[in-house]
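Chemist: Would you mind keeping the following structure in view while I ask a few things?
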Amino acid sequence: ALLKDDQFSDSTSLVVLPDGSLAWLEVHRNRTVIRRSFPVPNGCTYTTSANEIPVSGGNVLTQVTLTTGADCPWTVGSSANWLEILSPRFGKGTVTLNLRALANPSPSERIATLRVAGKEVLVRQGPT
């Protein structure tokens, strides 16, 4: 699935294209640019430890684990600037990603999408 232009701001993601290949996408000011396309290595599958992460409070640290083969490439990107990625944004193999959710000054819940190797993980944060 491809990212919509308005979903991510100033991020880089690894996505699966309709032909099964992977592409590094860069998004700058709501404009998507494909930087590189390459085939998915045979046998690469990707699983995240959660599909949704609830967080409460501000400056909250949380984690999500991506499980994959040792030679399988991945990237991670966030749809919101309040969800910081403290780990490397790309690599190969299984990884535990460290995240920080900044304080939510709004009286409403907010949701960010973490995109990990083409998988989406929703991060929900109530008011802080």
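Chemist: Could you give me the ³J(HN,Hα) list for the stretch 42-51, computed from phi with Karplus coefficients 6.51, -1.76, 1.60 and θ = phi - 60°, whole Hz, x at Gly and Pro?
Modeler: Listing the rounded values in order: 4, x, 7, 10, 10, 9, 9, 6, 8, 9 Hz.
Chemist: Now for a separate question. Can you give me the long-range amide H partners of VAL60? Hydrogens built in the peptide plane at 1.01 Å from N, cutoff under 5 Å, separation of 5 or more residues or another chain.
Modeler: ALA101
Chemist: Would you kindly derive the ³J(HN,Hα) couplings of the stretch 72-77 from the backbone phi angles with the Karplus curve 6.51 cos²θ - 1.76 cosθ + 1.60 (θ = phi - 60°), listing them in order in whole Hz, with x for Gly and Pro?
Modeler: 8, x, 8, 9, 9, x
Chemist: Mind running the shape call on the stretch 43-128? Use the C-alpha gyration tensor, a ≥ b ≥ c as the square roots of the eigenvalues: rounded below 1.5 for a/c, prolate if a/b tops b/c, oblate otherwise.
Modeler: Taking the square roots of the gyration eigenvalues as a ≥ b ≥ c, the stretch 43-128 is prolate.
Chemist: Name the long-range amide H neighbours of TRP82: under 5 Å, sequence gap of 5 or more, or other chain; modelled H, no Pro or chain starts.
Modeler: Under 5 Å from the amide H of TRP82: no residue qualifies.
Computed from the coordinates by the stated procedures, all read-outs in this text should not be read as laboratory data. Here the structure is a predicted model, which means the values were calculated and not measured.
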